[in-house]
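Chemist: Dropping the structure in here first, questions after.
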Amino acid sequence: MEKLKVKIGLEVHVQLTKLKTKLFCSCPSDYRGKPPNTYVCPVCLGLPGSLPKVNSKAIEYAVMVALALNCKINRKVMFFRKHYFYPDMTKNFQITQYDRAGGAPIAVNGYLKLSTSDKEKVVRIRRINIEEDPGKLVYPTGSIITSPYTLVDYNRAGIALLEIVTEPDIETPAEARLFLQKLRSILEHLDVCDCGLEGAVRTDANISVAGGGRVEIKNIGSIKDVEKALMYEILRQKEALLKGLSIRSETRHWDDVRKVTVPLRVKEEEQDYRYFPEADIPPIIITEEFIEKIAKQMPELPDERLKRFQREYGLPYYDSSVLVSNKKLADFFEETVKLYKRNPKKVANVIINDFLRWIHEKGLELDNVKAKPKDIAELLKLLDNGIISIKIAKTVLPEIIVSGKSPSQVVKERKLLKISDKQIIRQIALKIFREHKKAAFDALKDKKAINYLIGQIMKYTKGRADPAVTGKVVKELLTDLKEGKLKL
Amino acid sequence: MDVLSKPANELGELILSGAISIVDLIDKVYERIMKLESKVNAIITLRSRSDLLKEAENKEKEIKRGAAKGLLFGVPVAVKDNISTKGIRTTCGSKILENYVPPYDATVVKLLKKEGAIIICKTNMDEFAMGSSTETSYFGPTRNPWDLERVPGGSSGGSAAVLAAGIVPLALGSDTGGSVRCPAAFTATVGLKPTYGLVSRYGLIAYANSLEQIGPMARNVTDVALLLNVISKYDENDGTSIPGSRPDYMYSLSNPYHIKGSLKVGLVVEMMGEGVSDEVRKVILRALDKISGEGIEIEEVSLSSLKYALPAYYIIAMSEASSNLARYDGVRYGFRAKIDGDWNKVYMETRAQGFGLEVKRRIIMGTFALSAGYFDQYYLRALKVRTLILNDFRRAFKKFNVLVGPTMPILPFKIGEKIKDPLAMYMCDIETVSANLAGIPAISIPAGFIGNLPVGLQIMAPPLHEELLLKISKIFEDKIGLRNLIAPL
Ligand SMILES: [Zn+2]
């Protein structure tokens, strides 16, 4: 029972947030935070008589994603109608794509390579669909159960979505996370989706354990939650199998408050979407030249960037892979290096070990970090020039992340300049020696006591005393004490 | 009465020259509606008299200022009630849209306004254009001006009736399976279904979107050409709109006899066979007699796939209808049942109360045809028939310039006669649906009468051959000698 075979497939819905307009009309696509039902027109409201007009930029973006995911791009792209009644639907059908009944989604049969610590893993992409996002149901109390009525906001209706479907090649929740992280980084490098926006990437995961029924978990909002939901499901299914229960195929919902999956109400009958061709949109022919043109314009993708980081900056594989796993982080790194060329590895260290740690600790995202690359570069320069100590640098960093002040401003305001003046340090040391007489005499024979004295000086100067100078001063004072030149 | 009987192509010039006052004209139109509408019931929404007169006055001022222009300046036009008109309610003949006022104009309506036309009213129709008699309208049946006991055909029955009643000289209809041609035939008017994609469908409330076109209707071929000139433009808002410019259809009529060589006309035998009444057959043959000779050869031709046209048409039309009509749920616009309950219950009740019987029948049958397990058997097979029909037409058009047959297999029937027998009603479309399946242009012109009941001659041409089709129609119209007919009321 230990090693049960787990098969996971993902269905990722990606909003093409970088498009200026919706998929089938000219309403702007930056609907977030706008008053309800103000970003609408006859087309996305599905008013009688309105007709869809395909946003050709969406096709271009889809081809870019398809190329990045090594897919075969269909030359004749058709749209289909998928029927179901639901209040967030303006036409009670969704314009999407279909791979049967003569239909052809924009792309099929691709793959994405994941690098884990010990092996390279290939996840096959079954297909990529272009489709429209429905509107959004709004519960006035925030809960579906306690709300006496439901409101609908159609600002989101008609936003262009890509549905990226994998084969069930993923074997662990961690692999699912890696897949999604890499996909996200690719989408951001292609500049088609700002994946950090709320609801911009939504995932359905299906999982079967030891050949049991296929369980689908719907609409998981974040990458972390996908991993958690899958871990929960594996545990739940393993326990059921241990008890001798069989796992039936079903659809479950991820409750992101309680962090559990719960079964959705079971429908009496299988949903029949009655797919059929959308006659209002004639087939779109994608030519070889069009694909070639896009292929030529493709930006650098994470895999290439990783190799370049190793080559150009001499970074180890690990550092490079951490940096390119997030486009904004990689950009941040490169911009910092531009301003601090002398040691890219040092920049990587600060970003990966300190900067990232503080971001997580403060519960921030890269987007709302106030510190800019120039600030990190400045911090490193202050350190190099001996203006601040490494200890001070570590206290300055979290402050610039939160406040947006420059490092020198923080150093100035908090009087954090390093003390390297031997005379000043000597006076402070004398004071410490006198306050800790026993330690001072112990120090004549005990190394530990020396460190104690240095520690006290550092504490007194809040870490600003130059360690090298301090060490020297303490040594001199101890010699004087030994030779009787110093009276305490 | 005199101005009202004028063809639109003359009226426009008389208005611009100042010979006819637009205010007088609109006043007369309004008076005639007041006099006849209670008998005919051709109109769902009539614009208010004050609105119309104000528009007429403004247009007259433009004439005085010398700023008037447009192919239809001051010409009164009726628009079928499934074509969206900004600010004027557009019901589709259905309770479910009884109070729906579109916030936008259909492209054809924009084009009408651009050419100076005055939209008088929205005309009655079968609910969601589903019918061949205008009896399924929520607003009651329209009566045929030639015989008030009989139907005017459908679904654009209201548009045909306002023409035949001498109310307006021009009207827009829509034709999914014959809905322009059928009422034209039943009212001795002229109605054209253009090539699929010639006229923008943007703003036309869909019944079966892969089949339908908005079509011009008038009392003579020249006026149909004039109205086609106005409405046929490439429209980027309609993905199926054919790009490129359109010929001047009026110009091509100025010398209709200028057709190279002799004209080959194919009489489709399948269209004269079973189901066609003897009376209709007789009138058609008599009309063809008048036409033939002088460089016009008429020969029989068989298009064997046409026998499958009707079932294929109904499967496709109903399937598409079940999809197109899904949006009427009462949430965003239109009628909503006043009941409490979750959305599912409200949807069901809204649709149960909002749709009429024939619409429900087609939604249910279309839903069935698209269902898993039946899709291949019905929908995909119907698409194959569609291809066969298209190929048959292509073959026939290699030999013939145009194809002809009756528009309707029977004479206008009595109100109530077929409404309880859907299959008999569907059979009425047997002559017309194949042009929609093939996407080719087809026109109905008056062929003759049995007593006071009109019979229409249908003429079909290859795709985008409207110019040729109208030329030939004009020649036939001359030879048959029936034009500008107004029913004695
Ligand atoms: Zn819109």
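The values are calculated or read from the model by the stated rules, or taken from the named source; none is laboratory data. Here the structure is a predicted model, which means the values were calculated and not measured. Because the Cβ atoms are built from the backbone with ideal geometry, glycine has one as well, and the counts that use them run over all protein chains shown. Protein only, heavy atoms only, side chains kept; ligands, DNA and RNA dropped before computing areas. Shrake-Rupley method; radii C 1.70, N 1.55, O 1.52, S 1.80 Å.
Chemist: Being open to solvent by less than 30 Å² (accessible area, probe 1.4 Å) and more than 14 Å from chain A (Cβ to nearest Cβ) is the filter here, so list the residues in the range B:50-84 that pass it. Don't jump to the end; show me each part of the working.
Modeler: At the first step, the residues of the range B:50-84 found to be open to solvent by less than 30 Å² (accessible area, probe 1.4 Å) are B:52, B:56, B:59, B:68, B:70, B:72-84.
Scanning the range B:50-84 gives B:L52, B:A56, B:K59, B:A68, B:G70, B:L72, B:F73, B:G74, B:V75, B:P76, B:V77, B:A78.
Chemist: Under the condition of being among the β-branched types (V, I, T) and open to solvent by 20 Å² or more (accessible area, probe 1.4 Å), which residue from the range B:302-345 is farthest from the other protein chains (Cβ to nearest Cβ)? Lay out the reasoning, then the answer.
Modeler: Step one: filter the range B:302-345 for residues among the β-branched types (V, I, T), giving B:315-316, B:331, B:339.
Going one step further and asking which of them are open to solvent by 20 Å² or more (accessible area, probe 1.4 Å), we end up with B:315, B:331, B:339.
Working: B:I315: 11, B:V331: 6, B:I339: 14 Å.
Step by step, filter the range B:302-345, then rank; the result is B:I339.
Chemist: A further question on this structure: Scan the range B:24-49 for residues that are in a helix (DSSP H, G or I), surrounded by 18 or more Cβ atoms within 10 Å (Cβ to Cβ) and not charged (D, E, K, R) and report the count.
Modeler: Residues in the range B:24-49 being in a helix (DSSP H, G or I), surrounded by 18 or more Cβ atoms within 10 Å (Cβ to Cβ) and not charged (D, E, K, R): 7 in total.
A quick yes/no check of all residues on (1) surrounded by 22 or more Cβ atoms within 10 Å (Cβ to Cβ); (2) within 13 Å of the ligand (Cβ to nearest atom); (3) at pLDDT 95 or above:
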| position | (1), (2), (3) |
| --- | --- |
| A:K3 | no, no, no |
| A:G9 | no, no, yes |
| A:V14 | yes, no, yes |
| A:V40 | yes, yes, yes |
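Chemist: Within the group A:S403, A:S408, A:S389, which residue is among the hydroxyl-bearing types (S, T, Y) and buried (at least 20 other Cβ atoms within 10 Å of the Cβ)?
Modeler: Working: A:S403 fails: buried (at least 20 other Cβ atoms within 10 Å of the Cβ); A:S408 fails: buried (at least 20 other Cβ atoms within 10 Å of the Cβ).
Just one listed residue meets the conditions, A:S389.
Chemist: Failed condition for B:S371, given (1) open to solvent by 50 Å² or more (accessible area, probe 1.4 Å); (2) at pLDDT below 95; (3) among the polar types (S, T, N, Q), with all others met?
Modeler: (1)
Chemist: Has the range A:129-148 got any residue that is within 14 Å of chain B (Cβ to nearest Cβ), more than 16 Å from the ligand (Cβ to nearest atom) and polar (S, T, N, Q)?
Modeler: Yes: one or more hits.
Chemist: Residue under question is B:G178, and the condition is that it be surrounded by 24 or more Cβ atoms within 10 Å (Cβ to Cβ) and at pLDDT 95 or above; does it hold?
Modeler: Numbers: surrounded by 24 or more Cβ atoms within 10 Å (Cβ to Cβ): yes; at pLDDT 95 or above: yes.
Yes: the conditions hold for B:G178.
Chemist: Going by the structure shown, is A:L161 within 16 Å of the ligand (Cβ to nearest atom) and in the same structural domain as A:A58 (by TED's automatic domain parsing)? Break it down into steps so the answer makes sense when it comes.
Modeler: Numbers: within 16 Å of the ligand (Cβ to nearest atom): yes; in the same structural domain as A:A58 (by TED's automatic domain parsing): yes.
Yes, satisfied.
Chemist: Any idea which residue in the range A:42-63 is farthest from the ligand (Cβ to nearest atom), counting only those that are closer than 30 Å to A:K113 by Cα and surrounded by fewer than 20 Cβ atoms within 10 Å (Cβ to Cβ)?
Modeler: Taking the range A:42-63 and keeping what is closer than 30 Å to A:K113 by Cα, we get A:56-63.
Next cut, surrounded by fewer than 20 Cβ atoms within 10 Å (Cβ to Cβ) only: A:56-57, A:59-60.
Working: A:S56: 16, A:K57: 15, A:I59: 18, A:E60: 20 Å.
Across the range A:42-63, the extreme among qualifying residues is A:E60.
Chemist: Which condition from (1) open to solvent by 60 Å² or more (accessible area, probe 1.4 Å); (2) at pLDDT below 90; (3) assigned to a helix (DSSP H, G or I) is the one that B:S252 breaks?
Modeler: It fails just one condition, (1).
Chemist: In this structure, does B:R286 turn out to be in contact with a Leu (Cβ under 6 Å, 6 or more places away or on another chain) and more than 14 Å from chain A (Cβ to nearest Cβ)? Spell out the reasoning first.
Modeler: Working: in contact with a Leu (Cβ under 6 Å, 6 or more places away or on another chain): no; more than 14 Å from chain A (Cβ to nearest Cβ): yes.
The answer is no for B:R286.
Chemist: Here is a follow-up. Would you be able to tell me the number of residues in the range A:20-38 that are near the ligand (Cβ under 10 Å from one of its atoms) and of a type in the set (S, T, N, Q)?
Modeler: Matching residues across the range A:20-38 total 3.
Chemist: Conditions first: (1) within 16 Å of the ligand (Cβ to nearest atom); (2) over 30 Å from B:E98 (Cα atoms); (3) open to solvent by less than 10 Å² (accessible area, probe 1.4 Å); (4) aliphatic (A, V, I, L, M). A:A107 passes all but one, so which condition is the exception?
Modeler: Unmet for A:A107, out of (1) within 16 Å of the ligand (Cβ to nearest atom); (2) over 30 Å from B:E98 (Cα atoms); (3) open to solvent by less than 10 Å² (accessible area, probe 1.4 Å); (4) aliphatic (A, V, I, L, M): (1).
Chemist: Mind listing whichever residues of the range B:200-220 are within 9 Å of chain A (Cβ to nearest Cβ) and closer than 17 Å to B:I242 by Cα?
Modeler: From the range B:200-220, those within 9 Å of chain A (Cβ to nearest Cβ) are B:200-206, B:208-211; that's our starting set.
Once the filter is applied, which keeps residues that are within 9 Å of chain A (Cβ to nearest Cβ) and closer than 17 Å to B:I242 by Cα, the range B:200-220 yields B:S200, B:R201, B:Y202, B:G203, B:L204, B:N209, B:S210, B:L211.
Chemist: Among the residues of the range B:306-361, which ones are part of a loop (DSSP other than H, G, I, E, B) and within 20 Å of A:L45 (Cα to Cα)? It would help to see each step written out before you state the result.
Modeler: Kept after step one, since they are part of a loop (DSSP other than H, G, I, E, B), are these residues of the range B:306-361: B:328-342, B:355-356.
Of everything in the range B:306-361, those that are part of a loop (DSSP other than H, G, I, E, B) and within 20 Å of A:L45 (Cα to Cα) turn out to be B:Y328, B:D329, B:G330, B:V331, B:R332, B:Y333, B:G334, B:F335, B:R336.
Chemist: How many residues, within the range A:236-271, are out of contact with any strand residue (DSSP E or B) (no Cβ under 8 Å at 6 or more places or on another chain) and in contact (Cβ under 8 Å) with a residue 40 or more places away in the chain?
Modeler: So the answer is 2.
Chemist: How many residues does the range A:44-103 hold that are of a type in the set (A, V, I, L, M), facing chain B (nearest Cβ under 10 Å) and over 28 Å from A:S185 (Cα atoms)? Reasoning before the result, please.
Modeler: Taking the range A:44-103 first, the residues of a type in the set (A, V, I, L, M) are A:45, A:47, A:51, A:54, A:58-59, A:62-69, A:73, A:77-78, A:89, A:95, A:101.
Of the ones still in play, those that are also facing chain B (nearest Cβ under 10 Å) are A:45, A:47, A:51, A:54, A:89, A:101.
Now restrict to residues that are over 28 Å from A:S185 (Cα atoms): A:45, A:47, A:51, A:89, A:101.
Going through the range A:44-103 one residue at a time, the tally reaches 5.
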